[in-house]
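Note sheet for the following structure.
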Amino acid sequence: MKVTISYAQTLDGRIATRTGDSQWIGGPESLRLAHELRADHDALLVGVGTVIADNPRLTTRLVDGRSPLRVVADSRLRIPLDANVLQDGAAQTVVATTEAAADQRRQAVRRTGAQLIIIRRDPDGRVDVEDLVRVLADRGIRSLLVEGGAGMITSVLRAQLCDRLVVCIAPRIIGRGVEAVGDLGIERLRDALTFTSVRMRQWGEDVILDGELARVATVAG
């Protein structure tokens, strides 16, 4: 499976202010590019924190093309039952949860029409991203776009599941806020994630970094 991570950040590496405000960091051209990436992928993955904070639709409404399968990682089913991804009917939604989710919540999510899949837990009790990617690959998903939030981006990078990274860098500085990428466990610079190719381009007022990561773990599919 081809896995792409895409997000918009400020010049100082923040994807939201310290209050969680993130709409919109990039300009309209970059937002359209994000929707083009959605149309190019079979599925789109976000963590439940993104759904709670932004209530996104995760569709391709700004461009022509089909909307991808929407996948929400939610270990305890905290997702609001009135969330757009459960109620708008604009695309199919899968909620990836764990055995820690209560039966009552499982039934409530299923009643919205969303599919529910049970994924093993990682050491922190969250949805294990490696297991999730394998399950999606077994279901025929050949390309996955990861849009956030920071925890999900960090988990996918830490597991070395990402093939391609597309980052919108907006000419804004906000100081303290939500970092795009958290701790990857890297202590030596020589162990930093690197790229086999990188392309930088101006996109409206933003700069887009589009690179292929060099260190990629093998994933079925």
Return yes when R121 is open to solvent by 60 Å² or more (accessible area, probe 1.4 Å), closer than 23 Å to A91 by Cβ and either over 14 Å from the mean Cα position of the chain (by Cα) or at pLDDT 95 or above (or both) and no when it is not.
no
Odd one out for L58, checked against (1) among the hydrophobic types (A, V, I, L, M, F, W, C); (2) within 22 Å of V167 (Cβ to Cβ); (3) not in a loop (DSSP other than H, G, I, E, B)
(3)
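Report whether or not R70 is in contact with a helix residue (DSSP H, G or I) (Cβ under 6 Å, 6 or more places away or on another chain), within 27 Å of G140 (Cα to Cα) and either in a helix (DSSP H, G or I) or open to solvent by less than 50 Å² (accessible area, probe 1.4 Å) (or both).
Yes.
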Hits in segment 142-200 - residues which are open to solvent by less than 30 Å² (accessible area, probe 1.4 Å), assigned to a strand (DSSP E or B) and either of a type in the set (S, T, N, Q) or in contact with a Lys or Arg (Cβ under 9 Å, 6 or more places away or on another chain) (or both)
S143, L144, L145, G177
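Would you mind stating whether Q104 is open to solvent by 50 Å² or more (accessible area, probe 1.4 Å), touching a residue at least 12 places away in the same chain (Cβ under 8 Å) and not in a strand (DSSP E or B)?
no
The values are calculated or read from the model by the stated rules, or taken from the named source; none is laboratory data. If you're wondering where the values come from, they're calculated on a predicted model, not measured in any experiment. Positions of Cβ are generated from backbone atoms using ideal geometry, with glycine treated the same way; all protein chains shown enter the neighbour counts. Quick note on the areas: whole protein, heavy atoms, side chains included, nothing else; ligands and nucleic acids left out. Shrake-Rupley method; radii C 1.70, N 1.55, O 1.52, S 1.80 Å.
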